[in-house]
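Notes follow once the structure below has been shown.
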Amino acid sequence: MRRFLALIVIFTICFIFTACGEEKDNSSEADATETEAVEPDATADGVTPEFKAELDSLEAFVDEYIAFMDNYMKLEDEEMIQKMSDFSSYSDKFTKFLGKIDAIDEESLSPEDLAYYDKVYNRMLKKLNDLSARMDE
């Protein structure tokens, strides 16, 4: 029963996370932004430091969430009930996380920021999918 409930939660989260991603049209808009100068405070690879820090913190949260869920699934039923408030707290944090991801306007990103966003976003999605697969075992 607890695996079933945990799987429902994970699949719901993965579905929501996937639904937040959009198909990116990199045609004419990307061509127009390619001619823009790189911001002076960009990293060596052209990614804006503040944007990189925000994405890195979001990925760190995903890692923390996955570690929590891995540990949560190892608990006995009684322990799971005791940890329900922690689970609820992570659910709230995950909702805020999804809001931050959804707030990123991909069309306004520089090509470098967009490439970094895609890389990190896909890594986070893979981690969540891997978690789902582990729970299915």
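The values are calculated or read from the model by the stated rules, or taken from the named source; none is laboratory data. What you see is a predicted model; the values in this text were computed from it and never measured. As a convention, Cβ positions derive from the backbone with ideal geometry for all residues, glycine included, and neighbour counts pool all protein chains shown.
What to note about this one:
- Evaluated against (1) under 18 Å from the mean Cα position of the chain (by Cα); (2) farther than 24 Å from Glu54 by Cα; (3) in contact (Cβ under 8 Å) with a residue 60 or more places away in the chain, Lys127 falls short on exactly one condition, (2).
- Each residue in region 112-131 was checked for being of a type outside the set (A, V, I, L, M) and surrounded by fewer than 16 Cβ atoms within 10 Å (Cβ to Cβ), and 8 of them qualify.
Yes/no per residue for (1) among the acidic types (Asp, Glu); (2) more than 30 Å from Glu137 (Cβ to Cβ); (3) surrounded by 13 or more Cβ atoms within 10 Å (Cβ to Cβ):
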| site | (1), (2), (3) |
| --- | --- |
| Val47 | no, yes, yes |
| Lys52 | no, yes, yes |
| Asp56 | yes, no, no |
| Met80 | no, no, yes |
| Asp92 | yes, no, no |
| Ile101 | no, no, yes |
| Ser108 | no, yes, no |
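- Those residues of region 69-118 which are of a type in the set (Phe, Trp, Tyr), in contact (Cβ under 8 Å) with a residue 40 or more places away in the chain and within 23 Å of Lys52 (Cα to Cα), in sequence order: Phe94, Tyr116, Tyr117
- The set of residues in region 104-128 that are assigned to a helix (DSSP H, G or I), at pLDDT 90 or above and not charged (D, E, K, R) comprises Ser108, Pro111, Leu114, Ala115, Tyr116, Tyr117, Val120, Tyr121, Asn122, Met124, Leu125.
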